[in-house]
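A.B. asks: Supplied in structure tokens, the structure appears directly below.
The values are calculated or read from the model by the stated rules, or taken from the named source; none is laboratory data. As the structure is a computational prediction, the values presented were derived from the model and not from experiment. Cβ sites come from the backbone with ideal geometry, for glycine too, and all protein chains shown count toward neighbours. The area values use the complete protein model at the heavy-atom level, side chains included, leaving out ligands, DNA and RNA. Shrake-Rupley method; radii C 1.70, N 1.55, O 1.52, S 1.80 Å.
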Amino acid sequence: MPMRAVAIIPARMGSTRFPGKVLADVDGRPLVTHVWERVCAAKSLAEVFVATDSDGVAVAIEREGG
């Protein structure tokens, strides 16, 4: 059976230097959605997951189709 690679993007709201950074607006979208989109573009990955402690992050990713 071939191995499958997955990515897990950590998206924690409790940053000490920049609280809420993952939801910061970048060109009209939350930062985490830009990261998720680029990781999903990697052809070598079977799946991409976002690990978060925030409903806001989950909603932002779900809006993008994740």
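A.B. asks: For Met13, enumerate residues with amide H under 5 Å from its amide H, sequence gap 5+ or separate chain, H modeled in the peptide plane.
C.D. replies: Amide H neighbours of Met13, under 5 Å, 5+ apart: Asp53.
A.B. asks: Report for region 1-51 the percent antiparallel among DSSP-assigned beta bridges with both residues inside it, nearest 5.
C.D. replies: Among the beta bridges of region 1-51, antiparallel pairing accounts for roughly 25 percent.
A.B. asks: Averaging sequence separations of C-alpha pairs under 8 Å and six or more residues apart, then dividing by the length of the chain, give the relative contact order as a whole percent.
C.D. replies: RCO, the chain: 43 percent.
A.B. asks: Which angle from 0 to 90°, rounded to the nearest 10, does the C-alpha axis of helix 31-40 make with the longest principal axis of the chain?
C.D. replies: The two axes meet at around 10 degrees.
A.B. asks: Using only the Cα atoms of the chain, construct the convex hull and provide its projected area averaged over every direction, in square nanometres to one decimal.
C.D. replies: Details: hull surface 20.4 nm².
Projected area, direction-averaged: 5.1 nm².
A.B. asks: I would also like to ask the following. With the other protein chains left in place, how much accessible area per residue, in square angstrom, belongs to the chain at a 1.4 angstrom probe?
C.D. replies: Working: 4820 Å² over 66 residues.
Here the residues of the chain average 73 Å² of exposed surface.
A.B. asks: If you roll a 1.4 Å probe over the chain with all protein chains in place, what percent of the accessible area is carbon or sulfur?
C.D. replies: 57 percent
A.B. asks: Next question, about the same structure. Using heavy-atom solvent-accessible surface (probe 1.4 Å) with all chains present, what is the largest-first order of Lys21, Lys43?
C.D. replies: Values: Lys21 95, Lys43 190 Å².
Result, largest first: Lys43, Lys21.
A.B. asks: Under 5 Å between amide hydrogens, which residues at least 5 positions from Val48 or on another chain qualify, with H placed 1.01 Å from N in the peptide plane?
C.D. replies: Ala7
A.B. asks: Out of the chain, which GluC sites (Glu not before Pro) are coil in DSSP terms and have no more than 16 other C-beta atoms within 10 Å? Before the final figure, lay out the partial values.
C.D. replies: Values: sites: Glu37, Glu47, Glu62, Glu64; in loops: Glu64.
Filter output for the chain: Glu64.
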